[in-house]
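The values are calculated or read from the model by the stated rules, or taken from the named source; none is laboratory data. Predicted, not measured: the structure shown is a model, and the values here were computed from it. Glycine gets a Cβ as well: all are built from the backbone with ideal geometry, and neighbour counts include every protein chain shown. Surface accessibility is based on the protein's heavy atoms, side chains included, excluding ligands, DNA and RNA. Shrake-Rupley method; radii C 1.70, N 1.55, O 1.52, S 1.80 Å.
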Amino acid sequence: MTTRLIWKRAWPLALFCVALFVLGPFVILKIQELMAAPGGYGNAGVFEFGFLFGYYMFQSSLAFLGVSVGVTTGFQKYFLRLPIPSRTIASGMMFTAVTLFLSMQLATNGFYRLLFFDQNWLSDYWPLTGTLLFLVTLTLVGYAVFWLLQAPSLTRLGASVSFIAGMLVWFLSRFYPDGFGGAVVPWTRVTPGEGAAMLGVSLGAWYLGTVAFAQIRSGTALPSPTWERLKQGWKTLSVGASSDRETDPHTQIAIATLKETHWRDSCRSSVLIGFGLAGVTFIGDLAAFFIWSKPDEFLGPLTYLPALFLTGLSLQIAVATLMFNPGTSLSPKGNRQMKDYWATVPLSDRELAAALMQNILKSGMLMLLAIVVIGLGGSYLLYALMHGQGVISSDWQFLVEHQLVTAAIYQIGIMLLFYFSTIMNFTAFCWFPRPCVGWRILFSLPALLILSLTISEFLPGFRAPLLLLNACLLCGVAVLAFLHAYRSDLIGRKTIWLSVLFYPVISITFWNFWKSDLLIDRVLFSAFMIFTVLPFATIPLAVSWNRHR
């Protein structure tokens with residue numbers, strides 16, 4: 001009954017994943033054939049071993065494992081109530097996930113044989129036996145580690161990380177028989193020793209997983225005393241004193257409920273829009289790579305300016321979405337009073353603000369990863385694998401020869417700081433009890449700066465004092481905000497110390513990034529970096545003022 005229930009829930013998602021990894025390359029292949037000369041591209045020339053290794057195996061394996069494990073673990077609480085032995089339940093979850101994973105892999109490989117290759121080509125260059133055996137073993141080990149770490153200890157954590165890392169290194173070594181500096185070679189033959197090793201690891205993982213699951217079900221799985229002492233010591237070190245309220249189960253339930261409600265109320269829709277933007281970015285960037293690039297000529301990063309422009313445009317839409325949805329989540333539409341369930345939740349202002357900030361940061365991080373990693377990174381990786389002429393190495397060589405590596409790192413760092421600071425600061429302004437006050441403050445800062453620059457054009461002698469006054473004003477406002485939040489018990493010493501340490505670090509790091517020979521200009525640019533830490537004081541203040549006005 002449970003197996004049938006899992007398959008009933010899993011087959012639509014499994015079918016979608018298989019269709020995605022089959023139809024995607026098929027459509028790209030047909031587009032290339034239409035855009036190519038009458039001779040066209042050969043199938044095997046497009047789908048080389050590097051493409052299969054990077055696109056099909058890596059991405060599809062991650063997707064298939066995620067579907068298989070996610071579906072089975074979603075029924076774990078339901079399985080705990082069944083009147084059957086724990087070993088049977090754990091074994092059923094493991095082997096159902098393995099069967100589902102194998103089904104998706106074999107179905108995808110079969111369609112690849114029908115659409116792109118013959119049986120001999122895949123048998124010679126992409127054999128399934130070794131990779132599937134390893135991935136099955138990794139799945140069973142993952143289940144065992146997941147259940148073992150429900151009762152964490154330093155020994156279990158260190159052994160799990162080391163063992164999984166060793167498995168991955170061993171797996172990669174099968175494709176590099178001459179060492180990692182040599183050429184990649186398909187794993188065409190599984191020796192008896194390799195098969196016995198994977199079988200032994202699988203059986204050991206199955207046994208340890210069933211034992212750990214039985215302990216979880218019986219309630220005897222407890223963290224080690226050393227782990228508890230370290231956890232309590234970290235809390236004492238980070239907060240400044242041990243807090244009984246933080247470990248109170250009623251407080252934890254209230255915080256979890258608050259986060260879930262706020263996530264469903266405003267954050268989830270923003271993240272879904274972000275993944276939609278990631279899909280659009282992936283298609284647009286991939287098209288830009290093929291349209292603007294030249295097969296026999298590498299122009300370095302200049303070739304990818306259209307793709308970077310499309311990615312930046314998607315990030316701007318994501319920022320606007322995060323500013324609107326979470327920014328209006330504290331009050332109902334058409335009414336500036338805080339929503340009743342926020343105001344009456346049994347949490348302090350500090351806990352309420354911390355929970356809301358965590359959801360905002362989580363939403364921003366998910367949207368950033370979706371657009372940049374999936375949209376830009378995925379399209380670039382697919383383009384590089386299909387190009388087959390050392391695109392990645394050529395681009396890296398271009399950056400090294402023109403000494404642009406440091407500049408690229410600075411640009412990425414500035415983009416990340418600007419992205420998160422924009423989201424957090426606009427959220428704080430939107431959560432002010434009277435938004436007009438917040439917006440007046442926001443627009444008065446650039447107005448004051450423009451006025452100072454205008455005066456300095458006519459009176460050059462006043463440039464340095466006026467810009468220094470602007471810098472002092474920004475830092476003074478930030479100091480007052482942090483002091484007021486700390487005195488109101490909205491933030492702790494940890495927040496202040498981290499902000500005090502983080503702000504000088506990033507100011508010093510980006511000191512030489514600003515293209516100006518004047519000292520006062522660099523001081524002003526560094527003062528604007530205060531907006532990266534300012535929301536950690538203004539958001540708690542806005543929540544408290546809105547709650548108690």
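List the number of the failed condition for T454; all other conditions in (1) free of Cβ contacts under 8 Å to residues at least 24 places away in the same chain; (2) open to solvent by 70 Å² or more (accessible area, probe 1.4 Å); (3) part of a helix (DSSP H, G or I) hold.
(2)
Run down A205, A221 and say which single residue is open to solvent by less than 90 Å² (accessible area, probe 1.4 Å) and either at pLDDT 90 or above or touching an Asp or Glu at 6+ places or on another chain (Cβ under 7 Å) (or both).
Values: A221 fails: either at pLDDT 90 or above or touching an Asp or Glu at 6+ places or on another chain (Cβ under 7 Å) (or both).
Result: A205 is the single residue among A205, A221 that is open to solvent by less than 90 Å² (accessible area, probe 1.4 Å) and either at pLDDT 90 or above or touching an Asp or Glu at 6+ places or on another chain (Cβ under 7 Å) (or both).
With the requirement that a residue be of a type outside the set (G, A, S) and either under 33 Å from the mean Cα position of the chain (by Cα) or in a loop (DSSP other than H, G, I, E, B) (or both), what does the range 460-482 give you?
Going through the range 460-482, the residues of a type outside the set (G, A, S) turn out to be 460, 462-463, 465-470, 472-475, 477, 479-480, 482.
Of everything in the range 460-482, those that are of a type outside the set (G, A, S) and either under 33 Å from the mean Cα position of the chain (by Cα) or in a loop (DSSP other than H, G, I, E, B) (or both) turn out to be L474, C475, V477, V479, F482.
If F16 passes every condition in (1) over 25 Å from the mean Cα position of the chain (by Cα); (2) at pLDDT 80 or above but one, which one does it miss?
(1)
If Y41 meets every condition in (1) part of a helix (DSSP H, G or I); (2) modelled with pLDDT under 80 apart from one, which number is that one?
It is condition (1) that Y41 fails.
Kindly indicate whether any position in the range 462-473 is at pLDDT below 75 and either exposed (fewer than 12 other Cβ atoms within 10 Å of the Cβ) or touching a Ser or Thr at 6+ places or on another chain (Cβ under 8 Å) (or both). Spell out how you get there, then give the answer.
Our first condition is that a residue be at pLDDT below 75; within the range 462-473, this holds for 462-463.
Next, only the ones that are either exposed (fewer than 12 other Cβ atoms within 10 Å of the Cβ) or touching a Ser or Thr at 6+ places or on another chain (Cβ under 8 Å) (or both) stay: 462-463.
Yes: one or more hits.
List the residue pairs whose Cβ atoms are under 8 Å apart, where the first residue sits in the range 495-519 and is at pLDDT 75 or above and in a helix (DSSP H, G or I), the second is open to solvent by less than 50 Å² (accessible area, probe 1.4 Å) and hydroxyl-bearing (S, T, Y), and the two are 6 or more positions apart or on different chains.
Partner pairs satisfying both residue conditions: F502/T532; Y503/T532; I506/T532; S507/S526.
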